[in-house]
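Below is one structure, written out as structure tokens; comments come after it.
The values are calculated or read from the model by the stated rules, or taken from the named source; none is laboratory data. These figures come from a predicted structure and were not determined experimentally. Please note: Cβ atoms are built from the backbone with ideal geometry, for glycine as well, and neighbour counts cover all protein chains shown. SASA here: full protein model, heavy atoms, side chains in, ligands and nucleic acids out. Shrake-Rupley method; radii C 1.70, N 1.55, O 1.52, S 1.80 Å.
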Amino acid sequence: MKRILLGVTGGIAAYKSAELVRLLRKQGAEVQVVMTKSAMQFISPLTFQALSGNPVHTELLDADVENAMGHISLARWADLLLIAPATANILAKLAHGLADDLLSTLYLAATCPVYVAPAMNQAMWNKMVTQENIQTLHRHGVKVIGPEQGDQACGETGYGRMSEPMAICAQLLANDKPDLLTISQYLKGHKILISAGPTCEPLDPVRYLTNRSSGKMGYALATAALKAGAEVTLISGPVALTAPAGVELIKVTTAEEMYQAVMSKVATQTIYIGAAAVADYSPVLSQPEKIKKQADQLTIVLQKNKDILAAVAADTSRPFTVGFAAETHDLETYARDKLTRKNLDMIAANWVGQEQGGFDSEENALQVFWANGDKSFPMTDKTQLAKQLMALIAERIQAV
Ligand code: PMT
């Protein structure tokens, strides 16, 4: 069982932390809650006591509480310190090493991984000093979850909303210690259809048109979805990979075969992720016999293939639809264009044709866009990146 110390600071999002405690316990974690004085103006310690099954800690020097744990022993107890919501004030205190209450003192005493889920007014979040504090915390190894964009309690719109409790749980699971929580079933009940790899469009019995997709990104997504508790169907072009055990694998070769396979499965799915590099064009004619070397020039006439992703998104009862965009230039412009034109819920864009990342490499970086937001995932191995993207998808599904 993992021991999570949840710090709650004074923001309207404090009510969401009650749900967070419930979710963390459901995942098998033991939770102790520390509240700041201003947090107690938003929500009662009794709520957290009832949900966590443990007394709530509020005082640095708490002689009155029976069995009170000193801040050092409480810090030693924790496998992880999560502060949610984290106000601008607590971020500033952590960044500068102030220790004038229990939570900020605990942070200094903690040797375990520390996560913060900021929540504040958008102008406060955008303020240079807050951004500098966040950078400082990044440098000090603190992991930052969110904040998200959207309508705020103060009536303004922008970045500053605390991430949803489910998304925070998912990000904890997606971190570099995937065993942090015992069960990682945040996509339980979902049926996810993923396309992966290249397609091969035959010119004759021995030659074909294809691309450099290895299938690694799509297969990593299938593994991440499976681990998150989803039922996964993987529709794969020709690759040299083994599908994760437990996934339904459908092998295809051409774009037309991939289209047919996706369309035959999509009606029952809750999420579709198009990670395959589908050929945009295929030869009008695939010659039945090997093309002989004769003339100095050979013209091959190509025709446009059906767009699988657009066809999925066009269905009225479509699943949550996530596309990829592989670009060599103007990444954001083309990705946003595909997001709108193909009517997608989300698009994950990656640079290709460069030395690192994208096609046929172990690592990748993604810029993810949706109608009113975006998120960047820096270069990391595709296994890790897939977990991060799945966690974001889980979060966005909740938001729509
Ligand atoms: O397989 P790897 O070696 O790990 O590499 C990963 C990757 C680079 C292939 C992957 O991250 C990626 O970017 N996949 C999408 C590649 C692509 O075809 O991008 P696109 O911008 O051409 O297409 C946009 C979207 O439309 C994609 O979701 C694609 O699956 C989809 N599409 C495209 C054409 C078509 N006929 N049908 C489609 O569904």
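For Val352, indicate whether it is buried (at least 18 other Cβ atoms within 10 Å of the Cβ) and near the ligand (Cβ under 10 Å from one of its atoms).
Yes.
Please note which strands (runs of 3 or more DSSP E) are completely contained in segment 66-171 and include at least 2 residues that are under 22 Å from Lys26 (Cα atoms) and not acidic (Asp, Glu).
80-86, 114-118
For segment 278-312, how many residues are of a type outside the set (S, T, N, Q), closer than 13 Å to Leu209 by Cα and either assigned to a strand (DSSP E or B) or more than 16 Å from the ligand (Cβ to nearest atom) (or both)?
6
Taking segment 21-49 as the region of interest, how many residues are within 16 Å of Glu59 (Cβ to Cβ), open to solvent by 10 Å² or more (accessible area, probe 1.4 Å) and part of a strand (DSSP E or B)?
1
Does Asp315 satisfy the condition of being near the ligand (Cβ under 8 Å from one of its atoms), touching a residue at least 12 places away in the same chain (Cβ under 8 Å), open to solvent by 60 Å² or more (accessible area, probe 1.4 Å) and not basic (Lys, Arg)?
In short, no.
Looking only at segment 322-349, filter to residues that are under 24 Å from Ile192 (Cα atoms) and in a helix (DSSP H, G or I); which one of those is nearest to the ligand (Cβ to nearest atom)?
Lys338
Hey, can you tell me all the residues within segment 114-159 that are under 18 Å from the mean Cα position of the chain (by Cα) and small (Gly, Ala, Ser)?
Ala117, Gly146, Gly150
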